[in-house]
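Working notes, beginning with the structure itself.
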Amino acid sequence: MKIPFNKPYFTGKETTYIKDAVERGMISGNGYYTKRCQTFFENNFGFKKALLTTSCTDALEMCAILANISPGDEVIVPSYTFVSSALAFVRQGAKIVFADSKADNPNIDETKLEGLINDKTKAIVVVHYAGVSCKMNTIMAIANTYNLLVIEDAAQAIGSKFNGKYLGSIGHMATFSFHETKNIISGEGGLLAINDDRFVNRAEIIWEKGTNRAEFFRGEVNKYGWVDTGSSFLPSEIIAAFLWAQIENIDTIQKRRLELWHFYNDSLGDWAKKHEIQLMPEPKRETNNAHMFYLVCKTIEQRDAIIQHLKTKDILSVFHYLSLHSSEFYKDKHDGRTLPNSDKFSERLLRLPMFYELDIAKVVEHLISY
Ligand SMILES: *Cc1c(COP(=O)(O)O)cnc(C)c1O
């Protein structure tokens, strides 16, 4: 039996709710299941307004529009992240100023943030890598000082907290992903969380193709029309129905993932020390949603050798992001600063299989035979 890197977990209720959505006779967006999901996120995670989107990428694009990013603006984004964290702002014409990771984890180094700010800077995008919180107190204080917007790319961070507050409820806006590789899933899917009142009404309009349709359906205006820019960012009820089945089981899913996380952490210490490999630093309980368990290998050669070794045992482990500042698309636009920590994680970080039904004992057994 091959062990994949990820296997989507189905709770069993997904098709029941999809069938129900179909029988309700309305399967476009912003219907029964969409509202149920959004209300859940608002009530349980402290977001002022939650809007389901077709992906985290789409939610990031909405943030870039809401922040009025335009040519000449600069946006600070970590280099060690998924393409979308930067791309959404590039599409609005921004110049990306890439930030380095911290030495001991891939999150943005908040101690170097002020040096990247100038009078063109409009926003800071932070990515809670592996679901572990960035230093949000420092980051929000800097943003307030320089009057910048903070956008949390919380794609991996559902259920994680910083100082008792859920991630995604701290920045001015935040985005989540329900891609099948994340903790709770809908195939493709995402969420925009708005925490600043200034952006709530406009977010709904941008979400609905630049129309005030959402207000119209609440009876707040007596006709609806084209009032702003936007796109079709909302998912169908079929996707929302699927997501509802996952949401209902979020506690069970998170608990299982956390068990797996601790199994890796408890089993691999001696082996890692012997090979001079670092285990993912153990986050405080409140900020561990067990999205991922990673190793930082001694060298890129060692990482390749471990990937190969596991492959011979039919186990798939994978590396992660390639620094965006040296990507084919952006390297000529980058200002030339070296970002050594981002490059270190690009070369040496290795992710181990992590999913609900994982036979983790087998992964550990074969890993420590390396
Ligand atoms: C998964 C991920 C995304 C993209 O999410 P989609 O829903 O696939 O658009 C963006 N940023 C980060 C940090 C991610 O992990």
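The values are calculated or read from the model by the stated rules, or taken from the named source; none is laboratory data. Note that this is a predicted model, so its numbers are computed, not measured. When we count neighbours, we look across all protein chains shown, and the Cβ atoms used for this are built from the backbone with ideal geometry, even at glycine. Note: accessible area is taken over every heavy atom of the protein model, side chains too, but ligands, DNA and RNA are not part of it. Shrake-Rupley method; radii C 1.70, N 1.55, O 1.52, S 1.80 Å.
Things to note:
- Added length on full extension, which subtracts the Cα-Cα distance from 0.36 nm per residue, Phe263 to Lys209: 14.8 nm
- Amide H contacts of Val97 (H built 1.01 Å from N, under 5 Å, at least 5 apart or other chain): Val75, Ile76, Val77
- Share antiparallel - DSSP beta bridges, the chain, percent rounded to 5: 55
- The C-alpha atoms of the range 19-83 occupy a region whose extents along the principal axes are 49, 24, 24 Å, arranged from largest to smallest.
- Sorting Tyr32, Tyr370 on solvent-accessible area from highest to lowest, probe radius 1.4 Å, gives Tyr32, Tyr370.
- Of the whole protein surface, Ser55 contributes about 20 Å² of accessible area at a 1.4 Å probe radius.
- In units of the rule-of-thumb radius 2.2 N^0.38 Å, the range 250-368 shows an alpha carbon radius of gyration of 1.17.
- Using the Karplus relation 6.51 cos²θ - 1.76 cosθ + 1.60 with θ = phi - 60°, the per-residue 3J(HN,Hα) values for the range 282-296 come to 6, x, 4, 3, 5, 10, 10, 9, 6, 5, 8, 10, 10, 10, 10 Hz, with x marking Gly and Pro.
- In the chain the longest region clear of GluC sites (Glu not before Pro) that are loop-assigned by DSSP and have at most 16 other C-beta atoms within 10 Å covers 1-179.
- Label-to-label distance, nm, for residues given as Thr299 and Phe329 (7 Å Cα→Cβ offset): 3.3
- The accessible-area ordering, largest first, of the residues Val200, Val363 stands as Val200, Val363, per a 1.4 angstrom probe.
- Label point 7 Å beyond Cα of Val22 along Cβ direction - residues of the range 220-238 with amide nitrogen under 18 Å: 236-238
- For the range 53-86, backbone nitrogen atoms closer than 14 Å to the point 7 Å from Tyr146 Cα along Cα-to-C-beta are found at 73-78.
- Measuring how big the chain is from its alpha-carbon positions, Rg and Dmax come out at 20.9, 70 Å.
- Average Cα contact separation per residue, the chain, under 8 Å, 6 or more apart, as relative contact order %: 23
- Relative contact order computed over the range 250-368 (Cα-Cα under 8 Å; 6+ residues apart), in percent: 33
- Backbone phi angles across the range 270-278, fed through the Karplus curve with coefficients 6.51, -1.76 and 1.60 (θ = phi - 60°), yield HN-Hα couplings of 5, 4, 5, 4, 4, 9, 6, 9, 9 Hz in residue order; Gly and Pro are listed as x.
- Of interest is the spacing of the C-alpha centroids, which for the range 158-191 and the range 303-343 amounts to 24 Å.
- Dipole magnitude for the range 1-153: computed about the Cα centre from +1 point charges on Lys and Arg Cβ and -1 point charges on Asp and Glu Cβ, it is near 500 debye.
- Annotation: for a label point projected 7 angstrom from Cα along Cα→Cβ of Asn118, residues of the range 58-102 with backbone N closer than 19 Å are 69-79, 90, 93-100.
- Across the range 177-284, the relative contact order, built from alpha-carbon pairs under 8 Å that are at least six residues apart, equals 21 percent.
- Legend: residues Trp244, Trp261, sorted from most to least accessible area (1.4 Å probe; ligands, DNA and RNA excluded), read Trp244, Trp261.
- Rounded to whole Hz, the Karplus (6.51, -1.76, 1.60) HN-Hα couplings of the range 309-321, x for glycine and proline: 4, 5, 4, 5, 9, 6, 10, 9, 10, 9, 7, 10, 5
- Size of electric dipole in the chain: Cβ of Lys, Arg +1 and of Asp, Glu -1, about Cα centre, debye, nearest 20: 240
- Over 31 Å (Cα to Cα) - which of Lys112/Lys333; Lys102/Lys274; Lys13/Lys102; Lys35/Lys344; Lys2/Lys274; Lys19/Lys313 fall in this group: Lys13/Lys102; Lys35/Lys344; Lys19/Lys313
- Full extension of the chain between Arg198 and Gln308 yields a length gain of 34.5 nm, computed as 0.36 nm times the residue separation minus the alpha carbon distance.
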